[in-house]
Amino acid sequence: MRPTITAFKTSPDRGHGLARDMAVRWAFEEVGLAYDVRLVTFDALNAPEHRALQPFGQIPTYEDAAVALFESGAIVLHVAAQGAGLLPSDPAARARAIAWMFAAVSTVEPPIVERSMASLLDRDQPWFEARQSLLDTRVQVRLADLSTRLADDDWLDSAFSVGDLMMVAVLRRLHGSGLLEEHPTVQAYVARGEARPAFQRAFLAQKAVFDAAAMDGA
Ligand code: GTB
C-alpha cells in the first residue's frame, strides 16, 4: 500500500500551500517517496471514519500498511525516517534537526497563528490595531532570533533538514503580512526553502487540487 494522506478537497488557502498537508507533501518529495492523496470535504472531517484517524477532525492524516498517524509534524518525521535527505545520520545532528522541528511548531508558530487568527476574526474590533501591533511585535521577536541564528548560514544547523522544512512551512504563513520583509535574512531563508525542487513539486501538486476544484466550480 502506498502511503495515503488526506488534504482538503477545497482548501481555504486557495492553492497557496498554507494548509498543513503542504509540509507532508514536501517531505515525501524530499525523500523521493510516492504517495496518494485522499481529498476530504469539511463535512467529512466530522465523520466517524475520519475522527478515528484524526481525533480533532482535521487534515492531514497518514496511513500505510503499518501505521495510521495524525499531526503534520509527526507525519513529516515519519516520512523523513523512510528515506535520505531530511534526517542526518549523525545522532546528535539528528536530535538537533528534531529540536528545530519542535521549535517551528511550538515556539515560532503560535504567535504567527495568533496573529493570522486576529487578522481574520478581529478586524472590526475597536482594539484591533493596538492588539495587532502587540502580536506583530511577538512575531518580530521570533524573526529577529531566527535571523541571529541563521546569520550567514543557509540552514538552521548546517545541512538542510526536517527542521528547516518545518520552519519554512511555518514561516510561509507570514507571506503578505509585510513582516518577513523586515527580516531579510529570514525572508531569504524562506525563499531558499521554496526554491527547492521538492518544494516546487509539492506546491504544484496541492495547487492542482485547488485549480481542479475551481474548474469544477466548487
Ligand atoms: N496540529 C495539527 C497538525 O499540524 O496536523 C493542526 C491541523 C490543522 O490545523 N488542520 C487544519 C484543519 O483541518 C487545516 S490546516 N482545520 C479544519 C478544522 O479544524 O475544522 C490549517 C490551515 C487552514 C487554512 C489555511 N489558510 O487558508 O491559509 C492555513 C492553515
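The values are calculated or read from the model by the stated rules, or taken from the named source; none is laboratory data. From a predicted model like this one, the values you see are computed outputs, not experimental measurements. Counting neighbours? That spans all protein chains shown, and the Cβs are built from the backbone with ideal geometry, glycine included. Keep in mind that these areas ignore ligands, DNA and RNA; they rest on the heavy atoms of the full protein, side chains included. Shrake-Rupley method; radii C 1.70, N 1.55, O 1.52, S 1.80 Å.
The dipole here belongs to region 91-196: it is taken about the Cα centre, uses +1 on the Cβ of Lys and Arg and -1 on the Cβ of Asp and Glu, and is about 280 debye.
Based on Cα contacts under 8 Å between residues 6+ apart, region 134-199 shows a relative contact order of 38 percent. A helix-only calculation puts the chain at -16500 deg cm²/dmol for mean residue ellipticity at 222 nm, using -39500 (n - 2.57) for each DSSP H run of at least four residues, averaged over all residues. With Cα atoms defining each centre, region 194-218 and region 162-191 are spaced 20 Å apart in the structure.
Which value, in Å², gives the accessible area per residue of region 91-196 when a 1.4 Å probe is used on the protein heavy atoms?
Result: 50 Å² of accessible area for each residue.
Annotation for region 13-96: trypsin sites (Lys or Arg not before Pro) lying in DSSP loop with at most 14 further Cβ atoms inside 10 Å of their Cβ are Arg14.
Near the amide H of Val37, within less than 5 Å, lie the amide hydrogens of Ile5, all on another chain or at least 5 residues away, with H placed in the peptide plane.
Which shape class, rounded, prolate or oblate, goes with region 32-91 when its Cα gyration tensor gives a ≥ b ≥ c as root eigenvalues, a/c under 1.5 marks rounded, and past that a/b bigger than b/c marks prolate?
Numbers: a/c = 2.78, a/b = 2.27, b/c = 1.22.
Judged from the Cα gyration tensor, region 32-91 comes out prolate (a/c at least 1.5, a/b above b/c).
When DSSP beta bridges are restricted to pairs lying wholly in the chain, around 50% turn out antiparallel. Between the exposed loop cleavage positions of the chain, defined as chymotrypsin sites (Phe, Trp or Tyr not before Pro) in a non-H, G, I, E, B DSSP state with at most 14 neighbouring beta-carbon atoms within 10 angstrom, the longest gap is 128-218.
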